[in-house]
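Okay, so here's the structure we're looking at.
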């Protein structure tokens, strides 16, 4: 029987980010139908996405020009709630459009129920991301509602 704890699911996410082909933070096979993705520090319109299909559509429509080469785990906290894991990590890689190296740190809360991700709340270092991509924060999204889905 496969391990479906939040830590095991998180380990699968780490592997998915570093895949050569089809790299992704949240692999479709790990997502619950009622998934909620929250990124409170993102530009308006990107802060909350509700539903597996809404997330997959959103992610597919905004591919980042970045190839991740390293997933540095900085801190992993198994909480008293058996469905929740809190993680701090750094993604390192290369901007595919410029060849420039870049990295950013994140803190995330992962909730897993019945072996599927139901919540991914991620606090991003938006300044590091925009600098690595040579973007302005407003280039990442249009001012719209904070909820998609």
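The numbers here are math on the coordinates, done by the rules we state, and not lab data. Quick caveat: nothing in here was measured; it's all calculated off a predicted structure. Note that we place each Cβ from the backbone using ideal geometry, even for glycine, and neighbour counts take in every protein chain shown.
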Gain in span if fully extended, residue 50 to residue 34, counting 0.36 nm per residue against the direct Cα distance: 5.1 nm
Spatial extent of the range 1-46: Rg and Dmax, with the Cα atoms as the point set, Å: 12.6, 41
GNM top mover of 20, 73, 83 - the chain, alpha-carbon springs below 10 Å: 20
Ascending count of other beta-carbon atoms within 10 Å, so fewest first, for 129, 117: 129, 117
On Cα atoms only, tilt of 6-17 relative to the major axis of the chain in degrees: 30
Neighbour-count ranking [beta-carbon atoms within 10 angstrom, fewest first] of 106, 41: 41, 106
Likely footprinting exposure, 49, 77, fewest C-beta neighbours within 10 Å first: 77, 49
Cα pair distances exceeding 14 angstrom across the range 78-137, given as percent: 62
Taking the chain and dividing mean pair separation by its residue count, relative contact order in percent (alpha carbons under 8 Å, at least six apart): 29
GNM result for the chain, Cα springs below 10 Å: residue of 112, 78, 37 fluctuating most strongly: 78
Convex hull projection area averaged over all views, the chain, Cα basis, nm²: 8.7
The chain: most fluctuating residue of 51, 102, 22 per GNM, C-alpha cutoff 10 Å: 22
